[in-house]
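Notes follow the structure.
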Amino acid sequence: MQDVFIQFYGVRGSYPVSSPKVARYGGNTSSILISGENLRLIFDAGTGIINIGEEIEKNEIERKKVDIFLTHLHLDHIQGLPFFKPIFDPDFRINIFCPDYQNVSVEDFIYSLFNDPISPISDHGIKAKINIVKLPLTEVKTIAVDGNISVSCKKEDSHPLSGVLIYKLSVDDRHMVFATDVESPDGFNDEMVDFIKGSHILIHDSQYFDSHYHNRNDSRIGFGHSTCSMAVRNALVCEVEKLYLFHYHPDYSDKKLKKMLKKARGRFKQTYLARELMKFRLRS
Ligand SMILES: [Zn+2]
Ligand SMILES: [Zn+2]
């Protein structure tokens, strides 16, 4: 049995930020690396994936295969893709798993990121073997990744218009759930609670403080994101062991995030702030 590690490379929501005020928790947008001996899975391809690419190329891995799971196609979850180094390495095989939206050609959309007028790379510049796999939005789907490791997905409707996929990584009987870009003022519905229940780790959207979300003059209701209180409530109802807050508002400084952590820990002790390069083990 192999050990599997989870490492954050991008934890910010909406757009990347850079300033000394965000240096501790980081300014790159959504991207998480799951690694093990010969295992490289990535959740989301925000700007954080650029550093994952550097890392993968630097530390030669025996099996040149990467699986990328996209939660949805908003820019902050895909904008690092044209700068992900393994894409320009002919030895790599890259599977890109993404929601099967009916109103758009997912393949055309992803390749457009590499082509004029968005980018000068063009299809010819892509050297890896890319395989795009569309995931259903109507049922739970489980993909066997490697031996005792699988990834399941389930659609969540609260993110505006097209919704988002919630992913569950399973290593034997240990589970990590990645639930970003969700808004659940009343908590997850029963089906989603069943999907998540008993997971070891829940990584959950925490874009706002409650006061920001409910601000009477500038409310964020309906924007498709959660407050830290919503994240805590879902962690409690789903009976997870640890909660990692994620997808922070771009204006939130390190100082503000520490306040957010304090607030959340008051109700759920095992709460942590996702931080760039933070790495931990999901034991098998
Ligand atoms: Zn987002
Ligand atoms: Zn989004």
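The values are calculated or read from the model by the stated rules, or taken from the named source; none is laboratory data. Values in this document were obtained by computation on a predicted structure and should not be read as measured data. Reconstructed Cβ throughout: ideal geometry from the backbone, glycine too, with neighbour counts over all protein chains shown. Each accessible area value is taken on the protein alone, full model and side chains, heavy atoms only, with ligands, DNA and RNA left out. Shrake-Rupley method; radii C 1.70, N 1.55, O 1.52, S 1.80 Å.
Take the Cα pairs of the range 76-115, get the Kirkwood Rh, then feed it into Stokes-Einstein at 10 °C and 1.306 mPa s and tell me D in µm²/s.
Once the numbers are plugged in, D ends up at 138 µm²/s.
Could you give the radius of gyration (one decimal) and Dmax (whole number) of the Cα atoms in the chain, in Å?
17.9, 55
For F92, list long-range residues whose amide hydrogen, built 1.01 Å from N in the peptide plane, is under 5 Å from its own amide hydrogen.
For F92, the qualifying residues are K129.
When only DSSP loop residues count, what GluC sites (Glu not before Pro) in the range 102-200 have their Cβ near at most 13 other Cβ atoms within 10 Å?
E139
Using only alpha carbon positions, build the gyration tensor of the range 149-229, then give the equivalent ellipsoid semi-axes as the square roots of 5 times its eigenvalues, largest first, whole angstrom.
For the range 149-229, the semi-axes come out at 26, 13, 10 Å.
Amide H to amide H, which residues 5 or more places from I68 or on other chains are under 5 Å from it, using H placed in the peptide plane?
I42, N95, I96, F97
Go through 32-43, 253-264 and give me the packing order, highest mean Cβ count within 10 Å leading. Please report the intermediate quantities before stating the final value.
Numbers: 32-43: 21.5, 253-264: 16.7.
Descending mean neighbour count gives 32-43, 253-264.
Can you give the calculated 222 nm mean residue ellipticity of the chain, where each DSSP H run of n ≥ 4 adds -39,500 (n - 2.57) and the sum is split over every residue, rounded to the nearest 500 deg cm²/dmol?
Taking each H run of at least 4 residues, the total per residue is -5500 deg cm²/dmol.
Please report, in Å, the Rg and the Dmax of the range 128-270, where both are computed over Cα atoms only.
15.8, 52
Which whole-Hz ³J(HN,Hα) couplings does the range 53-66 yield from phi under the Karplus relation 6.51 cos²θ - 1.76 cosθ + 1.60, θ = phi - 60°, glycine and proline marked x?
So the Karplus estimates, Gly and Pro as x, are x, 4, 5, 5, 5, 6, 9, 2, 10, 4, 9, 8, 9, 10 Hz.
From the backbone phi of the range 205-222, what are the Karplus-calculated ³J(HN,Hα) couplings (6.51 cos²θ - 1.76 cosθ + 1.60, θ = phi - 60°) in whole Hz, Gly and Pro given as x?
Once rounded to whole Hz, the list reads 3, 8, 5, 10, 6, 4, 5, 6, 4, 9, 3, 5, 8, 8, 5, 9, 5, x.
Determine ³J(HN,Hα), in whole Hz, for all residues of the range 259-275 in sequence, where each value follows from phi through the Karplus function 6.51 cos²θ - 1.76 cosθ + 1.60 and θ = phi - 60°; x replaces Gly and Pro.
Using θ = phi - 60°, the values come out as 5, 4, 5, 4, 4, 5, 5, x, 10, 9, 4, 7, 9, 9, 9, 4, 9 Hz.
Straight-line reach from K255: which lysines have a Cα under 17 Å away, not including same-chain ones fewer than 8 places off?
K21, K263
Between A179, A235, A128, where does the largest GNM mean-square fluctuation fall for the chain, given springs only between Cα atoms within less than 10 Å?
Of A179, A235, A128, the most mobile in the Gaussian network model is A128.
Comparing G224, G147, G48, which has the greatest mean-square fluctuation in the GNM of the chain with Cα pairs linked when under 10 Å apart?
Top of the fluctuation ranking is G147.
What aspartates and glutamates does K262 reach when the alpha-carbon gap must be under 14 Å and sequence neighbours fewer than 8 apart in one chain are set aside?
D210, D254
With a Förster radius of 25 Å, plug the Cβ-Cβ distance of A23 and N215 into 1/(1 + (r/R0)^6) and report the FRET value to the nearest 0.05.
On the way: r = 27 Å, r/R0 = 1.08.
Efficiency, from the Cβ-Cβ distance: 0.40.
Binning every alpha carbon pair distance of the range 66-214 at 10 Å from zero, what are the percents per bin?
10, 36, 34, 17, 4
V193: accessible area at probe 1.4 Å, nearest 10 Å²?
10
Calculate the spin-label point distance for D3 paired with Q102, positioning each point 7 Å from the Cα along the beta-carbon direction, and give it in nanometres.
So the two model labels end up 4.7 nm from each other.
Under the rule of at least 5 residues apart or a separate chain, name every residue whose amide H is placed under 5 Å from the amide H of Y272.
Counting only residues 5 or more places away or on other chains, the set is L243, Y244, L245.
Compute a Gaussian network model of the chain, connecting alpha carbons closer than 10 Å, and tell me which residue from L202, L236, L70 fluctuates the most.
Looking only at L202, L236, L70, the largest GNM fluctuation is found for L236.
Of all GluC sites (Glu not before Pro) in the range 223-284, which ones are in loop regions per DSSP and have a Cβ with at most 14 other Cβ atoms within 10 Å?
Listed in order of number, the matching sites are E239, E241.
Distance in nm between label sites at D173 and E239, each 7 Å beyond Cα in the beta-carbon direction?
So the label points at D173 and E239 sit 1.3 nm apart.
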